[in-house]
1. Considering only segment 67-87, I want to know if a residue exists there that is of a type in the set (A, V, I, L, M), in contact with a Leu (Cβ under 9 Å, 6 or more places away or on another chain), under 30 Å from Glu12 (Cα atoms) and at pLDDT 90 or above.
2. Tell me which residues, restricted to segment 36-77, are surrounded by 13 or more Cβ atoms within 10 Å (Cβ to Cβ), closer than 16 Å to Asp6 by Cα and either touching a Cys at 6+ places or on another chain (Cβ under 9 Å) or free of Cβ contacts under 8 Å to residues at least 12 places away in the same chain (or both).
3. Which of (1) modelled with pLDDT of 90 or more; (2) within 30 Å of Met159 (Cβ to Cβ); (3) in a helix (DSSP H, G or I) is the odd one out, the single condition Lys110 does not satisfy?
4. Out of segment 2-22, which residues are touching a Lys or Arg at 6+ places or on another chain (Cβ under 9 Å) and in a helix (DSSP H, G or I)?
Amino acid sequence: MPSPLDDWFKREILVHEAALAGYLRRCWPHADELHDLRQEIYVRVYEAAGKALPGQPKSFLFATARHLMTDRLRRSRVVSIEAMGDIESLNVLVDEVSPERWCGGRQTLKQLAEAFDRLPDRCREVFWLRRVEELPQKEVAMRLGISEKTVEKHIARGMRLLADHFYSATPDPPAVREARRDIDQGRNGQQAD
């Protein structure tokens, strides 16, 4: 004998079966999973209605469908740790770091440290907070007592100076000399921030 919940389910949910099937066909890329997906939606709706009947059954049905598809997509993107646990069994060549690459990396890191040390003090401080510590621009501005626009300018200047250091043949490229001159002028009271 059908329960009142069964009657409600037939009357309010199953009448939308064709619309739900069309919605799932349009939105779900795996046609072979549509039947199982629809059944799982019905189970979720039925169990939720057993606790409290939704005020708008059709909206609840489609919201449940949308949430279930989102959950499935999210789960499909997660890579199992067990699947990647035994890398040797995958017969994949692992790129070992050669002594040359290791040494080249160390040299590049040393160049970056030298370039970073040559940045003007305030520029270096802003750059460190924003790019290394990854603080939001607004927080950097508040912490240093400067405007967000000034933070942007220091970041742009820092990027330009670092790029000049790496890609210029001269030891002190023109942009570096110009930035140092601007900073020195700022120390003499000609610059607001």
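1. For segment 67-87, residues of a type in the set (A, V, I, L, M), in contact with a Leu (Cβ under 9 Å, 6 or more places away or on another chain), under 30 Å from Glu12 (Cα atoms) and at pLDDT 90 or above: present.
2. Pro54
3. Only one criterion is unmet by Lys110, namely (1).
4. Glu12, Val15, His16, Glu17, Ala19, Leu20, Ala21
The values are calculated or read from the model by the stated rules, or taken from the named source; none is laboratory data. Here the structure is a predicted model, which means the values were calculated and not measured. Positions of Cβ are backbone-derived with ideal geometry, glycine not excepted, and every protein chain shown enters the neighbour counts.
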